[in-house]
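See below for the structure under consideration.
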Amino acid sequence: MVYHSVPDPNKIYPDHMTNFELTKFEIHDVTFTPDGLISHVDATVTSAFSLEMTLTRAEVIGFMTRQGMNVYFKGKKLILDHVDNIPFIHLVASEEKRDIME
């Protein structure tokens, strides 16, 4: 496996090339439940090779909590916010108690 670093424009040289992506998840399609939570997603998982997968919300949260596993939607990195100690998937930081992908 070839490891590559992703430049971080917020860091200065020489430490700006230290963000290693061992595995990348690119989400293509999202299905929500009526209460605004993710039911499942269709994604391409890339590490040494690419693999198309359908993942549940719990699996996506599991991958987001592991170091070196970045999850993207439409080219933007998703973040995991905890509201009242419950994890929610957001595109930008938010206090809303639902998953927000837009």
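So here's what we get for this one:
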| quantity | calculated |
| --- | --- |
| Verdict on HIS16 being over 15 Å from the mean Cα position of the chain (by Cα) and either modelled with pLDDT of 80 or more or surrounded by 12 or more Cβ atoms within 10 Å (Cβ to Cβ) (or both) | yes |
| When residues of the stretch 49-99 are limited to those that are within 10 Å of the chain's Cα centre (by Cα) and β-branched (Val, Ile, Thr), the one nearest to ASP35 (Cα to Cα) | ILE89 |
| Residue satisfying condition, being surrounded by 16 or more Cβ atoms within 10 Å (Cβ to Cβ) and either outside any loop (DSSP other than H, G, I, E, B) or touching a Leu at 6+ places or on another chain (Cβ under 9 Å) (or both), within set ASP42, ASP29, ASP81 | ASP81 |
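The values are calculated or read from the model by the stated rules, or taken from the named source; none is laboratory data. Just so we're clear, the structure is a prediction, and the values are computed from it rather than from any experiment. Note that we place each Cβ from the backbone using ideal geometry, even for glycine, and neighbour counts take in every protein chain shown.
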